[in-house]
Amino acid sequence: MEIMDFIISKYNYWMYIIIMMIGFYAMIAKTNLAKKVVGMNIFQTAIILFFISTASKKGATIPIIQHGHGEAADIIHAAQYMNPLPHVLMLTAIVVMVSTFGVAIALLIMIYRKYNTLEEDEILEILKIENGR
Amino acid sequence: MIRDFEGVIIKTVCRLITPVIQLYGLYVIAHGHYSPGGGFQGGCILAASFILMVLAYDIKEVKKRMSEKINTIFCSLGVIIYAGIGLLCLILGANFLDYSILHKILPADPAHSRSLGILGVEIGVGFTVMAVLVSIFLNIASGGEHEEGEER
Amino acid sequence: MRFLAFIAVLLTTAMLAYATLDMPGWGDPSSPASTHVSPVYIQEAYEKTATPNIVTAVLADYRSHDTLGETVVIFTAGVACMMLLRRRK
Amino acid sequence: MIQHAPVLIIIIPLLAALMNLIVGLWRKRLCYLFTVAALGTCVFLSVAILDIVAGHGTITYKLGGWPPPWGIAYVIDHLNAFMLVIVSFISLVVAVYSKVSIEKELPEKIIQFYTLFLLLVTGLLGILATGDVFNLFVFLEIASLAGYALIAVGDDRAPLASFNYVIMGTIGACFYLLGVGYLYIATGSLNMADLSQLLPELYDSRVVLGAFAFLMVGVAIKMAFFPLHKWLPDAYTHAPSAVSAFIASTMTKVGAYVMIRIMFTVFKPYFSIEVIPVTAILGWLAVAAMLYGCIRAIAQTDVKRMLSYIIIAEVGYIVMGVSVGNRMGFTGAILHILNDAFMMACLFLAAGAIEYKTGTRNVHNFSNLYKKMPVTTAAFTVGGLSIVGIPPTCGFFSKWYLVLGAIDSQQWVFAGTLLFSSLLMAVIFFKVLVNIYFGSQPVSGAHSIGGNGAVVMDEAPLSMLFPICIMAVGILSLGFFSGKIISSVIQFTVPGSF
């Protein structure tokens, strides 16, 4: 049963590794540029999942303190609430992800205007012909 | 694309729902202290209302309500509010972004002036996120030409 | 190319998985991440910032410089898209 | 007010960027003035910071007034302060230079160009000033995003080159973020000083090992270290000339700074040198980088692409100096960061001015160019000689220290490769210089208006010429003052255990 406990306590990391590697493979192996961008998104999302999974504590609730109106809160135990820091970091990372995605899409539009295709090998063909001239 | 009678339904629903979405966006920004939410989330919701209008009407119609100049100013304004609050703290004598010093000019104790400072920067973040997401959407959707739809 | 990519992916996976073996289990309340810095946020945040939502308090006060950076990142993306795509006729 | 200098140096270019966008709607010309004024202030502040650090030691600036492991702190020691001066000074020089070239290359995008340029500077300065690993990631992304966009507005091929840079750069940033995540899981902290105290107990943990590996790979991608350099030549070749001058001279150096910071501040030197043999691996890769960069550079005809390959070799030099793990080598590496920033800026600025006037980047078309552009070609010559390592220029001194460092630690192959690659660089540059001064073909471009085949002197405009001259004079004077720079700043940056 120890092995089961081990797997249960670690499987979240392994799941995110699988998702991340799907994205990573798409980024470096796919020849369609749009698919690369999609892979980039998957990769970053997996990192976000990973960070969020480190925030959890068994038996804890979301990090919003129970409070009355205007009164001080009761004594707060750190074990009652989840770790807020990974959430904060990931809010920042989500924004970074959105921004990178926007710029990448803008670049894709520029590339499409120029070559009328998003397939990397076709673009390389066109470049070869240009170089030959 | 859209036939006329469908257009009428979509436009009417959009007209009805847009103010509600915007109000909800403002609520999410302002209520970030007490519930999940905050500047980025609220800004996204506000931007969604404009994007809905682009989908239901067209780009020209939206640009009549929020011109490119205004949008550009909003982009900067949000970050200026954020950095400005930081600089205000610096001028009042504390470190950059140390909101507790704001109790000198606000009617609140240091803890509550921190709370108000947080609200201030969240509003700044909301402005920037809204304006930037709308601007990115318009640029990407129209390939940078902003010419969809006819002049009215 | 595909083959090289596959090798790279396998290597990365191996490295990532190898490192997970020493990680604290999921939801472990005694992991370093839950005991070193974060308890102070949970205990102090409401008292010092009068904000019940600790995520907001940490986001916009304790680590407010990160959030300033975040806002600048999205501003940069906006200006970048404007510069790359906007054409006037 | 001066105690707030560490944060003001980030905020002033940021505010100038924001104002640029608003003011630009109304008056385009003010953008240039704003940019130059803001960057001038930055140079002043960075010198003031260096002065304070040299006098009083490390500055810690608590943002938001929160004590470090909980809040974010800026920690500025000799290394940071030194790098801040380099980056802000070069940004000012390139900003002055950019006026004419940008008006020619991007007439419709001046406002956005200056906004993004200032944001790029903000990002780089933020990376240098911060003492928090996650904050560093945020600023890294600001700098990278601005860099992607600025590169993409270059010539025809630029969008594709920039897209490849986006993909590679994002992989690098993601790996860095993963490394930060692993460190966070292992220790629960994000502050560099705090991490360096917590980590020694965990040096046998697999999580820390993984974190170190991912941080290193991520940074290596960002600084274009040898097997991960693929994006660099294309990106730097096709960018607008002012942009490639700035990015080429500072971006890779900031990457090298981050690598040094991780190896010797976040982790203790004995971890990077003894616990796992990362310095040995880096050293051999650096050897490969030097040879690869030089050999590929020989074959290039496009001057900017040639210089881009040389950057790969220069990154190899810096990493080699760090990896030999002794005082001499480290001093050489830090001095080479400074010198290389100046040399690359000088060469790229000169190449940009030549392209501005003759419309060509092909070195075969440079014959007899000295008749047409004497000052620019003189600056190009100084830069080239410095890269080769001819004594009065600064390049000689850093290579001298690097060779001494390699010999000190008995790494004969490193020393030999360094000398051999200098020889290869000599071949590269003498080929170009001979063509410039003794070329057989007539001068190309819009010329020979003077009748009788005599070439009229047709220099670049003064706003371009002045920065180029500053850089060339800088290279020579850095050579003269290198002893003083080492004794007053660089010797304090060497980690204590060396």
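Quick note: the coordinates plus some simple rules give every number you see, no bench work behind them. Just so it is clear, the structure is predicted and the values come from calculations on it, not from any experiment. Every residue, glycine among them, receives a Cβ derived from its backbone with ideal geometry; neighbour counts consider all protein chains shown.
Give me the distance between the Cα centres of the range D:7-86 and the range C:15-89, rounded to whole Å. Rounded to whole Å, the Cα centres lie 23 Å apart. When the Cα positions of D:Met425, D:Ser196, D:Ala173 are compared along the charge dipole of chain D, D:Met425 comes out farthest toward the positive end, with charges on each C-beta of Lys, Arg, Asp and Glu.
Within the listed set A:Gln80, A:Gln66, A:Gln44, the Gaussian network model of chain A (springs between alpha-carbon atoms below 10 Å) gives the highest mean-square fluctuation for A:Gln66.
Excluding same-chain neighbours fewer than eight residues apart, the lysines reachable from A:Lys10 by a Cα-Cα span under 20 Å are A:Lys57, A:Lys58. In terms of overall dimensions, the range C:32-89 has a Cα radius of gyration and Dmax of 17.8, 59 angstrom. Since only D:Val303, D:Ala280, D:Phe246 are under comparison, the one whose Cα sits farthest along the positive direction of the charge dipole of the range D:243-324, derived from C-beta charges on Lys, Arg, Asp and Glu, is D:Phe246. Helix A:2-29 and the longest principal axis of the C-alpha atoms of chain A enclose an angle of approximately 30°. Springs between alpha-carbon pairs under 10 angstrom, Gaussian network model over chain B: which of B:Ile70, B:Ile101, B:Ile81 fluctuates most? Largest GNM mean-square fluctuation: B:Ile70. Here the label points at C:Glu44 and B:Tyr24, each 7 Å from Cα along the C-beta direction, are separated by 3.8 nm in the simple model.
FRET efficiency for the A:Glu130 to A:Ser9 pair, using the beta carbon distance and R₀ = 35 Å, is estimated at 0.05.
Per-residue Karplus couplings for the range C:15-27, computed as 6.51 cos²θ - 1.76 cosθ + 1.60 with θ equal to phi - 60°, are listed in order as 5, 5, 5, 4, 5, 5, 4, 8, 7, x, x, 5, x Hz, Gly and Pro entered as x.
Span-like helix criteria (full DSSP H runs; alpha carbon extent of at least 18 Å along the helix axis; mean Kyte-Doolittle hydropathy of at least 1.6) are satisfied in chain D by D:5-24, D:29-56, D:110-129, D:133-152, D:206-222, D:278-298, D:412-438, D:462-485.
Please state the relative contact order of the range D:197-318 as a whole percent: Cα pairs under 8 Å, 6+ residues apart? It rounds to 31 percent for the range D:197-318.
Of the listed pairs B:Lys63/D:Lys304; B:Lys11/B:Lys69; A:Lys30/A:Lys114; D:Lys222/D:Lys371; B:Lys69/B:Lys104, which have alpha-carbon separations greater than 31 Å here? From the list (B:Lys63/D:Lys304; B:Lys11/B:Lys69; A:Lys30/A:Lys114; D:Lys222/D:Lys371; B:Lys69/B:Lys104), the Cα-Cα distance tops 31 Å for B:Lys63/D:Lys304; D:Lys222/D:Lys371; B:Lys69/B:Lys104.
Relative to the 2.2 N^0.38 Å rule of thumb, chain D has a C-alpha radius of gyration ratio of 0.94. Working from Cα pairs under 8 Å separated by at least six residues, relative contact order for chain B is 28 percent.
Reducing the range D:261-309 and the range D:335-408 to their Cα centroids gives an inter-centroid distance of 21 Å. The mean sequence separation of alpha-carbon pairs under 8 Å and at least six residues apart, normalised by the residue count of chain D, gives a relative contact order of 14 percent.
Long hydrophobic helices in chain B, taken as whole DSSP H segments with a C-alpha length of 30 Å or more on their own axis and mean Kyte-Doolittle hydropathy at least 1.0: B:4-30, B:68-92, B:110-141.
When its C-alpha radius of gyration is set against 2.2 N^0.38 Å (N residues), the protein assembly as shown gives a value of 0.94. Counted by Cβ distance under 11 Å from D:Met425, the other residues give a net charge of +1, where Lys and Arg count +1 and Asp and Glu count -1.
Each of D:Met457, D:Met251, D:Met328 was scored by other Cβ atoms within 10 Å of its Cβ. Arranged with the fewest first, they read D:Met457, D:Met328, D:Met251.
With a cut-off of 15 Å between beta carbons, the residues surrounding D:His364 carry a summed charge of +2, where Lys and Arg count +1 and Asp and Glu -1. Shown here are the Rg and Dmax of the Cα trace of the range D:284-498, at 18.3, 68 Å. Each Lys and Arg contributes +1 and each Asp and Glu -1, all at the Cβ; summed about the Cα centre of the range C:32-89, the dipole is approximately 740 debye.
Give me log10 I(q)/I(0) at q = 0.20 Å⁻¹ for the range D:298-370, Debye formula, one equal scatterer per alpha-carbon, no solvent. So the normalised log intensities are -0.83. Scanning chain D for GluC sites (Glu not before Pro) that sit in a DSSP loop and have at most 15 other Cβ atoms within 10 Å, the longest stretch containing none of them is D:109-458.
Each Lys and Arg adds +1 at its Cβ and each Asp and Glu adds -1 at its Cβ; summed about the Cα centre, the protein assembly as shown shows a dipole of about 1860 debye. Solvent-free Debye calculation, one equal scatterer per alpha-carbon of chain B: log10 I(q)/I(0) at 0.09, 0.16, 0.19 Å⁻¹ equals -0.37, -0.89, -1.10.
Computed over the range B:4-65, the P(r) tail beyond 19 angstrom holds 37 percent of alpha carbon pairs.
Ordering of D:143-154, C:33-44, D:84-95 by packing is D:143-154, D:84-95, C:33-44, highest average first (other Cβ atoms within 10 Å, averaged per residue). Going from the residue with the fewest nearby Cβ atoms within 10 Å to the one with the most, D:Leu15, D:Leu423 rank D:Leu423, D:Leu15. When chain B is described by a simple charge dipole with +1 on each Lys and Arg Cβ and -1 on each Asp and Glu Cβ, the residue from B:Leu92, B:Gly7, B:Ala131 located farthest towards its positive end is B:Leu92.
Given R0 = 35 Å, the distance between the Cβ atoms of B:Lys64 and B:Ser35 translates into a calculated FRET efficiency of 0.50. In a simple Cβ point-charge model (Lys, Arg +1; Asp, Glu -1; nothing else charged), chain B has a dipole of about 340 debye relative to its Cα centre.
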